[in-house]
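Report on the following structure.
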């Protein structure tokens, strides 16, 4: 009976993951339109850190409040005359910390991006303008699945969006010991890696690449994994994410940093988006297959990932 109930729980969990994928992956809308994952969001964080830390806010304008959650009218009042002291990342979220008692949480959704201008040039789908002394930071989001929310700085990491997140895959907490505690799960390994409460920041692109690098079939049930395979997954996760961050993430249809398209890691993708093409490892022995798991595409080689 206990095993049966546990299986039901896992199926419900997978359904919830699938529903949340409306915002975490984009096959629902367009195969070419994917949400930025950890490396892309980290690339944006680095860009912002290098350009706006210690900037003094003169004023804030809300051009269009309509995002996934309506932009609070209190933001301009609460952040007036404050200074941006730090920009952090949790999973796929960006956290702006200010010199007063407040913080902003940004989510890029599928098409959200920032640009910096000395003189404001209005563009369709501009939502928020943060005015500094000599320049402006603009947040634009065409599809409006991103959002910005304001929180008390001491409570921001306990907010509804951040408190449910699992450890960052690049931090020490995402360890073999941590992973081992979840090995009783009856879900497949792809769904587990996509589960933001298990590990934060991974999505379709990097899960496919991580499992290929670690030679694990994405349909494998978590309970069947050996200790050596878990260690391979952990090693591959760090290797691929660090390499992707170094190369500016992966170019996907709507990923923009300021006004420049970036993402040279696209050239390094081994399986994602390569359905029907020869596997780059075993060459002509096999092709890359695409399957759908919990409503999202997974790419793998059945020969390399047995």
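The values are calculated or read from the model by the stated rules, or taken from the named source; none is laboratory data. Bear in mind that the values here come from a model prediction, so they are computed numbers and not experimental data. A quick note on method: Cβ atoms are made from the backbone with ideal geometry, for glycine too, and the neighbour counts reach across all protein chains shown.
Quick look at the numbers
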item	result
Sole exception among (1) within 17 Å of residue 42 (Cβ to Cβ); (2) out of contact with any strand residue (DSSP E or B) (no Cβ under 8 Å at 6 or more places or on another chain); (3) at pLDDT below 95 for residue 91, by number	(3)
Any chance residue 246 is farther than 25 Å from residue 286 by Cβ, under 17 Å from the mean Cα position of the chain (by Cα) and surrounded by fewer than 20 Cβ atoms within 10 Å (Cβ to Cβ)	yes
Residues satisfying the stated conditions in the stretch 153-200, i.e. assigned to a helix (DSSP H, G or I) and touching a helix residue (DSSP H, G or I) at 6+ places or on another chain (Cβ under 9 Å)	176, 179, 180, 189, 190, 191, 192, 193, 194
Output for the stretch 136-152, where each listed residue is crowded, with 16+ Cβ neighbours inside 10 Å and in a loop (DSSP other than H, G, I, E, B)	141, 143, 144, 145, 146
From the options 139, 114, 176, 147, residue that is touching a residue at least 24 places away in the same chain (Cβ under 8 Å) and outside the structural domain of residue 68 (by TED's automatic domain parsing)	176
Matching option when the condition is at pLDDT below 95 and surrounded by fewer than 17 Cβ atoms within 10 Å (Cβ to Cβ), among 204, 254, 267, 227	267
Residue list for the stretch 215-226, restricted to those being in contact (Cβ under 8 Å) with a residue 12 or more places away in the chain and either assigned to a helix (DSSP H, G or I) or closer than 18 Å to residue 178 by Cα (or both)	221, 222, 223, 225
In the stretch 114-135, the residues that are surrounded by fewer than 21 Cβ atoms within 10 Å (Cβ to Cβ) and under 23 Å from the mean Cα position of the chain (by Cα)	115, 116, 125, 126
